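No lab work stands behind these numbers, since they all come straight from the coordinates. Since we're looking at a predicted model, the values are computed, not measured. Quick reminder, even Gly has a Cβ in these numbers, built from the backbone with ideal geometry, and neighbours come from all protein chains shown.
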Amino acid sequence: MTASVDLSSFVRYHDDGSARLDLAVDGVDCAACIGDIEGALGRLPGLARARLNYTNRRLTVEWTRGALDPASIVERLSGIGYRAYPFAANEVEDAETRQARWLLKCLAVAGFAAMNVMLLSVSVWAGNASDITPETRDFFHWMSALIVLPAAAFAGQPFFMSAARALRARSLNMDVPISLGIFLALVMSVVETARHAEHAYFDSAVMLMFFLLIGRYCDLAMRRKTLSFAANLAALRAPMATRLDEAGAAVAIPAATLRAGDIVLVRPGERAPADGEVVEGRSEVDESLITGETMRRTAEAGSPIYAGSLNFDGALRVRVRAAAGASLLDEIERLIDVAISQKARYQRLADRAARFYAPVVHVTALATAVGWLLVGASAHDAIVTAIAVLIITCPCALALAVPAVQVVAAGALFRSGVLINAGDAIERLAEVDTVVFDKTGTLTLPEPSVVNAASIDPAVARMAARLALASHHPLARAVAAAVGGQTAVEGAREIPGQGVLADIDGVEARLGGAAFCDLGDAFEAARSRDPESSAIGFRHGDTTAVFLVRQAPRPDAAAVVAAARRRGLAVAILSGDRPDAVAAVAGALGVDDWHGGMKPADKIAFLEALKARGHRALMVGDGLNDAPALAAAHVSISPISGSEVAQAAADAVFLGDRLAPALDALTISHKARAIMRQNLWLAVIYNLIAVPLAITGHVTPLIAAAAMSGSSILVTLNALRARAPGWSEGSTP
């Protein structure tokens, strides 16, 4: 897209006079691109703010209406080597899919070329030590050139294009020395082959590309996982709404066209299209993905209802309160987007090292060539020595120093039940000093259970469980699960909003609410013993029972909280649930810092306050209402039972019903970060020894390639030490 394209139809204007435009940006390859793009746009007259989301490549720009032409933004980006066009989530996802396929093709070509060229190279190495003829050696070298040159032209494009963009923007990134090293190694190999020299370096160039493409593809694969949150949120949105006109006639319209004050009809099985208030009807709604509360809530006249809530029983008439981008679901999406954008500014260890590494490599190689020319060496010898310096300082060891540890640590985390979603999650996990838990579905199990089963007659419990199997209500499901192996009562009938009834042995049996089962006093007595529980009654003639149902703590929650404290970690609980319910769980786990009734923005504010005091928090949560906080935290983890949006916003996901994997992630990551730093120092020490030898001409390009490979092997072997065991209940972390 060029500056002449009209972008006015994509600009959103606000009542305060501000204008906003979302652009998708091609060519964003590393965290350093964020600073390049935002810095370049920051110098654009009239622009108020520019924010780039590294995960989905979305650039959000804001300015005062009339202060600038939005086309100038695209023109400025084009001037520094980036292509921009109006953002559309589905188009970005398609572009990432195409990018992944392209990288996979590059990887396949590089791998195919590397395997075949290594066969030829081994033959040459063995022949040089025995009886290979110059003609045969030249033939093998030309065969290698025939394989590698077209393969490198194709497979090296991710590095060459990135390096070209950096040079056009008058900056240096890691791809510049990589591209220069590959290019010069190939050119020199062709020249040396034409001169009938013993050595060529086609194998080194293509192997370097192959290993680096593996890391590039893995990084993209992790980023694509995070992109899925947009699709998950879209699944919660009702695309169409049934609006009632003044005469009460139902008209199907796009949900995006709803306005405050409209009356909409939400039928059973439909999701609410907007935030609003029930004006007529009674039903039960599932808001678990919105508020985090797993119990269904009764919705009746005067009750609030949120966009994305699932209606179960009866039809509801709802007066729209917030629509067209102003619903709670939209606010959650905006909070997630802002949080992910801020987190993207975190730079990995290797990225920070590369900022200083790339210019030093070029200056050293150039100084070597000039120095040798000044002392009277031939141009050929000076260039060969300079290339040896480039090869021996090629950032292969540096490029592998962190990814190699990440791969090994990710395997250790997988064995502990943790799946990593973000490439730099391990580094951020190692920096945690505070753990913040959500309550519902995180510290507690996601599904409610009967807590007083031991006090109920087993025969009565079995009858109730058989009746419960005929209902879809979460309380009934808990009763059915408490007594497994039962079969449903034939002829059971569910009355929406009240309960289930059937004949058992010729006597009517009922399972449901207090009035439905005529158990008002029994309900009050049971609830007085356990105020945090929900009650469901059972009556079979004169036989009665009241089942108390609530979410039980995860089996090792107390042990994990205690272990975190022993490690010196601060622990807090943030929940959207009622304060009294949060207080009960916090008291049972011994957590003093707890907060209830919190909205998504409140959780983010709490995390920002921690960050302002210098703390780095691990957020553990499972619901859609936790997703913004998961994205805003320094690092985050979600249970596999959590919502898909929460899993996508989190940096990692843990499996099973136990919390121990969350602490395992901290233990393993702490050791992995230490090994990453060791690897970076190994790469530095290697260069301090090897570079002077190369500069003084004591290292040929072949030895330089071998030394480079040796340094890569060294950091890889050291990375294997990251296979550390995690923490388990009963051990001392």
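Calculate how large, on average over all directions, the projected area of the Cα convex hull of the stretch 8-87 is; give the answer in nm² to one decimal. Show your work: numbers first, answer last.
Working: hull surface 19.0 nm².
Reported value for the Cα convex hull: 4.7 nm².
Can you put Arg20, Arg170 in order, fewest other beta carbons within 10 Å first? Before the final figure, lay out the partial values.
On the way: Arg20 16, Arg170 9.
Ascending number of Cβ neighbours within 10 Å: Arg170, Arg20.
Using 1/(1 + (r/R0)^6) with R0 = 22 angstrom and r between the beta carbons of Ala583 and Ala301, what's the FRET efficiency to the nearest 0.05? Provide the component values of the computation, followed by the final result.
Details: r = 31 Å, r/R0 = 1.42.
With a Förster radius of 22 Å, E is 0.10.
Place a point 7 Å from Cα of Phe154 in the direction of its Cβ. Which residues in the stretch 111-145 have their backbone N less than 18 Å from it?
Inside the label zone: 111-118, 143-145.
If I take R0 = 25 Å and measure r between the Cβ atoms of Ala100 and Glu431 in this structure, what FRET efficiency does the formula 1/(1 + (r/R0)^6) give, to the nearest 0.05?
Numbers: r = 29 Å, r/R0 = 1.18.
So, using R0 = 25 Å, E works out to roughly 0.25.
Estimate the FRET efficiency between His615 and Ser534 by the formula 1/(1 + (r/R0)^6), using the beta-carbon distance for r and 35 Å for R0, to the nearest 0.05. Intermediate values should be presented prior to the final figure.
Numbers: r = 36 Å, r/R0 = 1.03.
The calculated FRET efficiency here is 0.45.
Once each part is reduced to its C-alpha centroid, what is the distance from the stretch 557-605 to the stretch 451-519 in angstrom?
If we compute the Cα centre of each part, the gap is 34 Å.
Extending each Cα 7 Å along its Cβ direction at Thr257 and Ile132, get the distance between those two points in nm, one decimal.
Label at Thr257, label at Ile132, 7.4 nm between them.
Multiplying the sequence separation of Leu244 and Ser8 by 0.36 nm and subtracting their Cα-Cα distance, what value in nm do you get? Please list the in-between numbers first.
Values: separation 236, 0.36 × 236 = 84.96 nm, distance 3.37 nm.
Between Leu244 and Ser8, full extension yields an extra 81.6 nm.
Enumerate the calculated ³J(HN,Hα) couplings along the stretch 510-527 in order (Karplus 6.51 cos²θ - 1.76 cosθ + 1.60, θ = phi - 60°), each rounded to whole Hz, writing x wherever the residue is Gly or Pro.
Whole-Hz 3J(HN,Hα) from phi for the stretch 510-527: 10, 9, x, x, 4, 5, 4, 9, 6, 10, x, 5, 5, 5, 4, 5, 5, 5.
Cut-off 14 Å, label point 7 angstrom out along Cα-to-Cβ of Asp593: give me the residues of the stretch 633-656 whose amide nitrogen falls inside.
Only 634 pass the distance filter.
Simple spin-label model, 7 Å along Cα-to-Cβ: Glu508 to Val191 in nm?
Placing both labels 7 Å beyond Cα along the Cβ direction yields 9.9 nm.
Peptides 655-663, 261-269: what's the order by average Cβ count within 10 Å, highest mean first?
Answer by packing, highest mean first, reads 655-663, 261-269.
What are the residues whose amide H is under 5 Å from the amide H of Arg49, where those residues sit 5 or more places off or on another chain and H is modelled from the backbone?
It is Glu62, by chain and number.
How many nm separate the modelled label positions at Arg49 and His698, each set 7 Å beyond the Cα in the direction of the Cβ?
5.7 nm
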